[in-house]
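The structure under discussion appears below in the form of structure tokens.
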Amino acid sequence: SGGSSRGGGGGGGLYTPEAASVLMRDFAERWKGAIEQMHRDVITHFSNLQRGMDILQRTLSQLLIYYTRFTGPEGVLARMGPDGAALCKGAVTNPAFIYEIKRHSQSRVV
């Protein structure tokens, strides 16, 4: 058959609460540092800083959309049942994510 049950309803899919737990823990540990590194890379590699910051903001906004699809009330975790929904409690909050997006995409180098 070869089809995957990704995002589907039943058990045995690629997304299990155990795999999601590892992913969530890794994300929680590294997300701020990764955003800071992207910010440094923009400052280093874009001669037009405004354009670089715009690209950074758009990229981080898209990441937030994907993260919300994963952790949101109707997201991948919620569809895993109680074990998946329980993982959402430890998720990085949208306001914290938005704060970091604004902080890094609005900063300027003098």
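Centre-to-centre separation between the Cα atoms of the stretch 65-94 and those of the stretch 31-58: 27 Å.
Of 47, 105, 61, which has the most accessible area and how do the rest follow, probe 1.4 Å?
47, 61, 105
Starting from a Cα-only point model with no solvent, please compute log10 I(q)/I(0) by Debye for the stretch 44-110 at q = 0.13, 0.28 1/Å. At q = 0.13, 0.28 Å⁻¹ the computed log10 ratios are -0.46, -1.14. Sorted largest first by accessible area at a 1.4 angstrom probe radius, with every protein chain in place, the residues 104, 45 fall in the order 45, 104.
The values are calculated or read from the model by the stated rules, or taken from the named source; none is laboratory data. Remember, it's a predicted structure, so these values are computed and weren't measured experimentally. Ligands, DNA and RNA are stripped out before the accessible areas are found, and what is left, the full protein with its side chains, is counted by its heavy atoms. Shrake-Rupley method; radii C 1.70, N 1.55, O 1.52, S 1.80 Å.
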